[in-house]
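Report on one structure; see the data block that follows.
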Amino acid sequence: MSTEETVTQALHRLTSYETGDEWTDAPPDPRIVQDLEPSDLSRVPWPYKRYDEDLPRRPLAAELPRTRASALSVLAGTARPPEADVDVHQLGRLLFLSAGVVRTARWEPGHRGRILFRASGSAGGRYPLEVYVAVPERSSLPAGVHWYDPEQHALLEVGPPPSGQGVAIVVTGVPWRTGWKYRERGYRHIFWDGGAMLAQLLALASSAGLEPSL
(Lines give C-alpha, C1' and ligand atoms only; values in the text may rest on other atoms or scores of the structure.)
Protein backbone atom coordinates (compact mmCIF):
# COMPACT_ATOMS: atom_id res chain seq x y z
CA MET A 1 0.00 0.00 0.00
CA SER A 2 1.32 3.46 -0.91
CA THR A 3 2.08 5.79 2.01
CA GLU A 4 2.39 8.88 -0.19
CA GLU A 5 0.19 11.74 0.99
CA THR A 6 -2.77 12.50 -1.28
CA VAL A 7 -3.81 16.02 -2.25
CA THR A 8 -6.87 15.77 0.02
CA GLN A 9 -4.75 14.62 2.96
CA ALA A 10 -2.28 17.45 2.38
CA LEU A 11 -5.08 20.04 2.34
CA HIS A 12 -6.50 18.57 5.55
CA ARG A 13 -3.13 18.64 7.30
CA LEU A 14 -2.17 22.14 6.17
CA THR A 15 -5.52 23.67 7.11
CA SER A 16 -5.92 21.93 10.48
CA TYR A 17 -5.12 23.51 13.82
CA GLU A 18 -5.23 22.41 17.43
CA THR A 19 -6.60 24.15 20.49
CA GLY A 20 -4.21 26.91 21.49
CA ASP A 21 -2.99 27.58 17.96
CA GLU A 22 -3.69 30.86 16.21
CA TRP A 23 -5.79 29.88 13.21
CA THR A 24 -4.60 33.01 11.37
CA ASP A 25 -0.98 31.77 11.37
CA ALA A 26 0.21 30.16 8.14
CA PRO A 27 2.11 26.85 8.37
CA PRO A 28 5.61 27.10 6.85
CA ASP A 29 4.79 25.36 3.58
CA PRO A 30 5.35 26.79 0.08
CA ARG A 31 1.81 25.75 -0.94
CA ILE A 32 0.31 28.12 1.64
CA VAL A 33 0.15 31.90 1.07
CA GLN A 34 2.45 33.41 3.71
CA ASP A 35 1.80 37.16 3.46
CA LEU A 36 -2.01 37.23 3.59
CA GLU A 37 -3.59 39.53 6.18
CA PRO A 38 -6.86 37.80 7.15
CA SER A 39 -9.99 39.95 7.42
CA ASP A 40 -8.30 42.98 5.84
CA LEU A 41 -11.11 45.56 5.67
CA SER A 42 -9.35 47.36 2.81
CA ARG A 43 -9.87 44.24 0.68
CA VAL A 44 -13.38 43.11 1.63
CA PRO A 45 -14.71 40.86 -1.17
CA TRP A 46 -17.94 41.71 -2.91
CA PRO A 47 -20.86 39.97 -1.14
CA TYR A 48 -22.14 38.44 -4.39
CA LYS A 49 -21.27 38.22 -8.06
CA ARG A 50 -21.87 41.10 -10.44
CA TYR A 51 -23.23 40.73 -13.95
CA ASP A 52 -23.93 43.06 -16.86
CA GLU A 53 -26.99 45.11 -15.95
CA ASP A 54 -28.24 44.80 -19.54
CA LEU A 55 -29.03 41.10 -19.03
CA PRO A 56 -32.74 40.21 -18.75
CA ARG A 57 -33.91 40.60 -15.13
CA ARG A 58 -37.06 39.10 -13.61
CA PRO A 59 -38.07 40.28 -10.11
CA LEU A 60 -39.55 37.62 -7.85
CA ALA A 61 -42.60 38.20 -5.67
CA ALA A 62 -41.87 39.36 -2.12
CA GLU A 63 -44.87 37.45 -0.75
CA LEU A 64 -43.90 33.79 -0.35
CA PRO A 65 -46.30 30.82 -0.60
CA ARG A 66 -47.16 29.17 2.72
CA THR A 67 -46.90 25.46 3.47
CA ARG A 68 -48.83 23.46 6.05
CA ALA A 69 -46.44 20.69 7.08
CA SER A 70 -44.58 21.23 10.35
CA ALA A 71 -40.80 21.67 10.27
CA LEU A 72 -40.33 18.58 12.46
CA SER A 73 -42.34 16.34 10.13
CA VAL A 74 -40.45 17.65 7.09
CA LEU A 75 -37.07 17.04 8.71
CA ALA A 76 -38.18 13.60 9.91
CA GLY A 77 -39.34 12.66 6.41
CA THR A 78 -42.90 11.96 7.56
CA ALA A 79 -44.59 14.96 5.93
CA ARG A 80 -46.84 14.07 3.00
CA PRO A 81 -47.89 17.34 1.33
CA PRO A 82 -49.80 17.13 -1.97
CA GLU A 83 -47.51 16.68 -4.96
CA ALA A 84 -46.91 19.97 -6.79
CA ASP A 85 -44.96 21.38 -9.71
CA VAL A 86 -42.48 24.18 -9.21
CA ASP A 87 -43.78 27.53 -10.44
CA VAL A 88 -42.32 31.03 -10.19
CA HIS A 89 -43.86 31.59 -6.74
CA GLN A 90 -42.49 28.35 -5.28
CA LEU A 91 -39.12 29.02 -6.90
CA GLY A 92 -39.01 32.43 -5.23
CA ARG A 93 -39.74 30.77 -1.88
CA LEU A 94 -36.96 28.21 -2.36
CA LEU A 95 -34.41 30.84 -3.33
CA PHE A 96 -35.25 33.43 -0.68
CA LEU A 97 -35.42 30.96 2.24
CA SER A 98 -32.07 29.45 1.29
CA ALA A 99 -30.00 32.28 -0.20
CA GLY A 100 -32.01 35.48 0.22
CA VAL A 101 -30.84 38.47 2.27
CA VAL A 102 -32.78 38.60 5.54
CA ARG A 103 -30.96 41.49 7.26
CA THR A 104 -27.90 43.73 6.85
CA ALA A 105 -25.19 45.22 9.06
CA ARG A 106 -22.07 47.39 8.70
CA TRP A 107 -18.58 46.00 9.10
CA GLU A 108 -17.64 48.73 11.56
CA PRO A 109 -18.73 52.35 12.20
CA GLY A 110 -17.98 54.44 9.14
CA HIS A 111 -16.97 51.53 6.91
CA ARG A 112 -18.79 51.47 3.58
CA GLY A 113 -18.94 47.69 3.42
CA ARG A 114 -22.03 45.76 4.48
CA ILE A 115 -22.68 42.24 5.71
CA LEU A 116 -25.66 40.73 3.93
CA PHE A 117 -26.98 38.02 6.24
CA ARG A 118 -28.64 35.17 4.34
CA ALA A 119 -31.39 32.72 5.21
CA SER A 120 -28.91 29.81 5.32
CA GLY A 121 -26.06 30.12 7.81
CA SER A 122 -22.43 30.51 6.82
CA ALA A 123 -19.15 30.12 8.71
CA GLY A 124 -17.95 33.54 9.82
CA GLY A 125 -20.79 35.26 7.97
CA ARG A 126 -18.84 35.01 4.72
CA TYR A 127 -21.59 33.58 2.47
CA PRO A 128 -19.34 32.31 -0.36
CA LEU A 129 -22.14 30.57 -2.29
CA GLU A 130 -23.81 31.62 -5.53
CA VAL A 131 -27.10 30.12 -6.70
CA TYR A 132 -28.27 29.49 -10.27
CA VAL A 133 -31.48 28.05 -11.70
CA ALA A 134 -31.31 26.00 -14.90
CA VAL A 135 -34.69 25.84 -16.65
CA PRO A 136 -35.12 23.79 -19.86
CA GLU A 137 -37.59 24.58 -22.62
CA ARG A 138 -41.25 23.60 -22.20
CA SER A 139 -41.36 24.58 -18.53
CA SER A 140 -43.79 26.88 -16.74
CA LEU A 141 -40.73 28.89 -15.64
CA PRO A 142 -38.74 31.23 -17.92
CA ALA A 143 -36.32 29.05 -19.91
CA GLY A 144 -32.60 29.70 -19.52
CA VAL A 145 -29.85 29.69 -16.92
CA HIS A 146 -30.58 32.32 -14.29
CA TRP A 147 -28.41 33.74 -11.51
CA TYR A 148 -30.22 34.55 -8.27
CA ASP A 149 -29.66 38.13 -7.10
CA PRO A 150 -29.93 37.70 -3.30
CA GLU A 151 -30.27 41.38 -2.45
CA GLN A 152 -32.88 42.30 -5.08
CA HIS A 153 -34.64 38.90 -4.92
CA ALA A 154 -34.59 38.59 -8.68
CA LEU A 155 -33.43 36.29 -11.48
CA LEU A 156 -30.84 37.45 -14.01
CA GLU A 157 -30.67 35.44 -17.23
CA VAL A 158 -27.02 34.57 -17.84
CA GLY A 159 -27.22 31.64 -20.27
CA PRO A 160 -29.37 29.69 -22.74
CA PRO A 161 -31.77 26.90 -21.70
CA PRO A 162 -30.05 23.62 -20.75
CA SER A 163 -30.95 20.23 -22.17
CA GLY A 164 -32.87 17.83 -19.99
CA GLN A 165 -36.32 17.58 -18.50
CA GLY A 166 -36.34 19.06 -15.00
CA VAL A 167 -35.56 22.35 -13.31
CA ALA A 168 -32.24 22.34 -11.42
CA ILE A 169 -30.84 24.63 -8.74
CA VAL A 170 -27.06 24.80 -8.96
CA VAL A 171 -24.90 25.99 -6.04
CA THR A 172 -21.32 27.18 -6.62
CA GLY A 173 -18.67 28.66 -4.32
CA VAL A 174 -16.27 31.63 -4.50
CA PRO A 175 -13.05 30.65 -2.63
CA TRP A 176 -11.70 34.18 -2.07
CA ARG A 177 -14.87 35.32 -0.33
CA THR A 178 -14.28 32.89 2.54
CA GLY A 179 -10.48 32.62 2.16
CA TRP A 180 -10.33 36.37 2.89
CA LYS A 181 -10.97 35.45 6.51
CA TYR A 182 -9.98 31.79 6.85
CA ARG A 183 -7.03 31.53 4.46
CA GLU A 184 -6.77 28.15 2.68
CA ARG A 185 -9.02 26.68 5.36
CA GLY A 186 -11.82 28.57 3.60
CA TYR A 187 -12.12 25.70 1.10
CA ARG A 188 -13.56 23.61 3.94
CA HIS A 189 -16.11 26.28 4.76
CA ILE A 190 -17.38 26.34 1.17
CA PHE A 191 -18.28 22.65 1.42
CA TRP A 192 -19.80 23.04 4.90
CA ASP A 193 -21.88 26.00 3.78
CA GLY A 194 -22.88 24.17 0.60
CA GLY A 195 -24.06 21.14 2.55
CA ALA A 196 -26.10 23.32 4.88
CA MET A 197 -27.76 25.19 2.02
CA LEU A 198 -28.54 22.02 0.06
CA ALA A 199 -30.11 20.43 3.13
CA GLN A 200 -32.21 23.56 3.60
CA LEU A 201 -33.26 23.53 -0.06
CA LEU A 202 -34.28 19.86 0.15
CA ALA A 203 -36.41 20.51 3.23
CA LEU A 204 -38.03 23.59 1.68
CA ALA A 205 -38.87 21.73 -1.53
CA SER A 206 -40.16 18.67 0.33
CA SER A 207 -42.45 20.83 2.48
CA ALA A 208 -44.10 22.12 -0.71
CA GLY A 209 -44.52 18.69 -2.33
CA LEU A 210 -41.94 19.35 -5.04
CA GLU A 211 -40.17 15.96 -4.62
CA PRO A 212 -36.57 17.20 -4.89
CA SER A 213 -33.48 15.07 -5.46
CA LEU A 214 -29.74 15.64 -5.53
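The values are calculated or read from the model by the stated rules, or taken from the named source; none is laboratory data. The shown structure was predicted, so the numbers you read here are calculated from the model rather than taken from an experiment. Backbone-built Cβ (ideal geometry, glycine too); neighbour counts: all protein chains shown. The area values use the complete protein model at the heavy-atom level, side chains included, leaving out ligands, DNA and RNA. Shrake-Rupley method; radii C 1.70, N 1.55, O 1.52, S 1.80 Å.
What the table below lists for this structure:
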| quantity | calculated |
| --- | --- |
| Accessible surface, 1.4 Å probe, highest first, among residues Tyr187, Tyr148, Tyr51, Tyr127 | Tyr187, Tyr51, Tyr127, Tyr148 |
| Nearest-20 debye value, the chain charge dipole, Cβ charges on Lys, Arg, Asp, Glu | 640 |
| Segment Leu214-Arg138, length gained on full extension (0.36 nm per residue, minus Cα span) | 25.2 nm |
| Cα convex hull of the range 1-103 - mean projected area over all directions, nm² | 14.8 |
| Net charge over other residues, Cβ less than 9 angstrom from the Cβ of Arg57 (K, R count +1; D, E count -1) | -2 |
| Heavy atoms of Trp46: accessible area, 1.4 Å probe, square angstrom to 10 | 150 |
| Coil-residue chymotrypsin sites (Phe, Trp or Tyr not before Pro) of the range 57-142, DSSP, other Cβ within 10 Å capped at 15 | Trp107 |
| Share of carbon and sulfur in the accessible heavy-atom surface of the chain [1.4 Å probe, %] | 54 |
| Net charge of Cβ neighbours under 13 Å - reference Ser139; Lys, Arg +1; Asp, Glu -1 | -2 |
| Fully extended contour minus Cα-Cα distance, from Trp107 to Ala62, at 0.36 nm per residue | 13.5 nm |
| Highest-fluctuation residue, Asp35, Asp85, Asp25 considered, GNM on the chain with Cα pairs under 10 Å | Asp35 |
| Trypsin sites (Lys or Arg not before Pro) within the range 80-155: DSSP coil, no more than 10 neighbouring Cβ in 10 Å | Arg112, Arg138 |
| Rounded Å value of the spacing that divides the Cα centres of the range 103-170 and the range 40-92 | 8 |
| Normalised contact order of the chain, rounded percent, pairs of Cα under 8 Å and 6 or more residues apart | 24 |
| Matching label, mean projected area of the Cα convex hull in nm² computed from the structure shown, candidates (i) 16.9; (ii) 13.4; (iii) 11.4 | (i) |
| Per residue solvent-accessible surface (Å²) - the chain, probe of 1.4 Å | 62 |
| Neighbour cut-off at most 16 other Cβ (10 Å), DSSP loop, GluC sites (Glu not before Pro), the range 124-171 | Glu137, Glu151 |
